[in-house]
Amino acid sequence: MRRIVATFDDTEDATAAKQALREAGLEPEEPEIDNPFFDPATTMPEGRGLLWGGLLGGLVGAVLLFMLDQNVFWIPRISPIMTAGQYMLVFLGFGLGAAIGGFLGGVVGASRPVSALDRPRVAVMVPDDRIGETEDFLRERGATAVDGTVTYHEHPHRKAATESSSPPD
């Protein structure tokens, strides 16, 4: 089974898609952002924190080790690192700063609340054999984005085995 989430620009299109899904034998639901890690249509906030933290940390680290190389300030325990060349120190400072800044930016970004989307969305649970059909169905009805997350895998022979083992009416 797969949970498919479609995003629409217009509320009327979302309502019409819900009705069309009901007519097709599927049960649509209103997706909630109770756990953003399982919602494929939600952008995660730590991505921006990782990017900016890595860039700023890299820049600060490169500048600090460059200043240390130019004897602007001196830290006694870091003096063995000064045997490296000037460019290597700048690259080392950028790498260390990017790693530390990226980690801190990701932690800060992950602690921020996930913002709700402004656009209407429709979610539906679909069996594995109807995924492509349902995605095309939603796109035909005006979905601007269709994303899916596998909730559990349904083996094709399992369905055939359960149908053949059920007693006739």
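The values are calculated or read from the model by the stated rules, or taken from the named source; none is laboratory data. Small disclaimer: the values here were computed from a predicted structure and weren't measured. Please note: Cβ atoms are built from the backbone with ideal geometry, for glycine as well, and neighbour counts cover all protein chains shown. Surface accessibility is based on the protein's heavy atoms, side chains included, excluding ligands, DNA and RNA. Shrake-Rupley method; radii C 1.70, N 1.55, O 1.52, S 1.80 Å.
Observations on the structure shown:
Okay, residues lined up against (1) within 27 Å of PRO127 (Cα to Cα); (2) part of a loop (DSSP other than H, G, I, E, B); (3) at pLDDT 85 or above:
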| residue | (1), (2), (3) |
| --- | --- |
| ALA16 | yes, no, yes |
| LEU21 | yes, no, yes |
| ASP34 | yes, yes, no |
| PHE37 | yes, no, no |
| ALA41 | yes, yes, no |
| GLY47 | no, no, no |
| GLY54 | no, no, yes |
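- Which listed residue is of a type in the set (A, V, I, L, M) and within 15 Å of ARG48 (Cα to Cα), from ALA99, ALA62: ALA99
- Taking the conditions (1) modelled with pLDDT of 85 or more; (2) open to solvent by less than 90 Å² (accessible area, probe 1.4 Å); (3) over 16 Å from LEU56 (Cβ atoms) in turn, GLY95 satisfies each one other than (3).
- Whether a residue is at pLDDT below 80 and of a type in the set (Phe, Trp, Tyr) was assessed, and TYR87 does not pass this test.
- Filter pass, GLU30 being at pLDDT 85 or above, under 30 Å from ASP136 (Cα atoms) and surrounded by fewer than 19 Cβ atoms within 10 Å (Cβ to Cβ): no
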